[in-house]
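Structure record follows, encoded as C-alpha cells.
Derivation of every value follows stated rules applied to the coordinates shown; laboratory data play no part. Note that this is a predicted model, so its numbers are computed, not measured. Here Cβ is always computed from backbone atoms with ideal geometry, including for glycine, and neighbour counts include all displayed protein chains.
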Amino acid sequence: MDIIKNQIKEWLSYDEKESKRLFALAREKRKQVFKNNIFAYGFVYFSTFCRNSCNFCYYRKENQIDRYRKDNAEILKIAKELVDSGVNLIDLTMGEDPVYHKEYFSGLITLADKIKKDLDVPVMLSPGVVEEGIIDEFAKIDADWYALYQETHNRKLFERLRKNQSYDIRMQAKLYAKTKDILIEEGILSGVGETDEDIADSIIAMGEIGAKQLRVMSFVPQDGSPMEAFETPDRSKELKIIAIMRILYPEALIPASLDVDGISGLKARLNAGANVVTSIIPPKSGFVGVANETLDVDEGGRTVEEVRSIVNSLGLEIADNDYYKAFIHSLKAKDL
C-alpha cells in the first residue's frame, strides 16, 4: 500500500509537461474499457433546505438564502425533459431537508420508482445520510446508485468541513447501501486544506470501500459560508486526481462536473480521463446546481446539446441508454 501511496503522491507532484503524459495514459485506460463512450447525467436538485452546517456549503442551514422544495409534478416534468434530451441517468439530489427526513421519504421513494419505470432510466439517489430502513426501501425499488461523499478521509479535516457530523455514520450508510446491491458514489473536495498524502489516502480508501463512481471537485467559495474567504484552487490538482483515479480504477465512472467551471471546464476534465458529465440542468427550469448554483444554467450551457458538441469534438460520443444500463449491471454483477 505504501508503494501505491508514494506513486500517487509522485503523480500529484507532476509539472505541466509530465501531467500531459499522465492525462494521455488516463485517456488510453478509459478507451480500453469504454471505447469512445461518455455518460451524461441529468441533475434534479429538488430541495435546497438542509439541516446541516457544512462549513463549505452555500446551502448550510444558517445561510440566509432563498430556498425551494419542488413538488413531484415539477420533478417529474424536469426528469422527463432531461431523459428526452438524452441523459443516461437521473440524479435526484437534495440537502438533508428536515421535512423529508421526518415525513416524506415514502414520497421520494414512490417518485424514484415512477421515474425508473415510466421513463425507463436508471436513478441515483443523493439525499444525504439516511437510516438503514430507508436504504432498504431504496433497494426495494431497485435504485441504481446512492451518492454520499465524505469530501475527505482525514478525520480531523472532515470534522472541520462537516461540522457536528459523524464520519463513521456517514461512511456506514454507504457501506450498508452496498450490501443491498446499490452502487455507491464516493467523492472528495480539492482545495480545502488537504495535503497530497490526504488525497492519496482518499483515492485508496475509495477503492477499498468498493465505490464504483469516484468524484473529485475543486472547492468553490460560497457566499455566506465560513469558508467564503478561501481561494478556489488551481484546477491542475483536480485534473491530476481525475487521471490518477482513472489509471488506478479503469472501470470506474469518474465525473466531469459542470458545477465547478460550467461548460468551459468540460474539455479539460474529459481530457484528464473523466467519462461522466454530471450536473446537466435544463435552462429556465427553476432548478440549481451546488458549487456554482446558477453557472451556465439559464444560458443553456448545461444541456445535453452543449455537452454533446464538446464530447464529439474530442472524438467521443454520449452513450445510448442500453449501453449504460448494461455497464452498471455488469458492475453490480462483479460485486456478487
Check your understanding: Under a Cβ-Cβ limit of 4.7 Å, which cysteines in the chain have nobody to pair with?
Key -> CYS50
**Study point:** Low-density loop cleavage sites - trypsin sites (Lys or Arg not before Pro) in the range 26-80, where at most 11 other Cβ are within 10 Å (DSSP)
**Key:** LYS35
Review point. Comparing LEU161, LEU76, LEU314, which has the greatest mean-square fluctuation in the GNM of the chain with Cα pairs linked when under 10 Å apart?
Key: LEU314
Check your understanding: Lys/Arg Cβ at +1, Asp/Glu Cβ at -1, dipole of the chain taken about the Cα centre: which of VAL44, THR195, LEU314 is farthest positive-ward?
Key -> LEU314
Practice item. Can you list which of the GluC sites (Glu not before Pro) found in the range 8-65 are DSSP loop residues with at most 14 other C-beta atoms within 10 Å? Key: GLU62
Practice item. Return a whole-number percent for the relative contact order of the range 206-277, with Cα pairs under 8 Å and 6 or more residues apart as the contact set. Key: 33
Exercise for review: Could you pull out every one of the aspartates and glutamates with an alpha carbon less than 19 Å from that of LYS31, ignoring same-chain neighbours closer than 8 positions?
Suggested key: GLU251, GLU317, ASP320, ASP322
Practice item. Distance check, please: which entries in LYS70/LYS180; LYS77/LYS178; LYS114/LYS140; LYS20/LYS267; LYS5/LYS35 exceed 19 angstrom between their Cα atoms? Key: LYS70/LYS180; LYS77/LYS178; LYS5/LYS35
Review point. Magnitude of the Cβ-charge dipole of the range 88-159, K/R +1 and D/E -1, about the Cα centre, nearest 20 debye?
Key: 100
Point to revise | GluC sites (Glu not before Pro) restricted to DSSP loop in the range 129-173 with at most 16 other C-beta within 10 Å | key: GLU131
Study note, to complete from the structure: Scoring the chain by relative contact order with C-alpha pairs under 8 Å, at least six apart, yields a percentage of 23
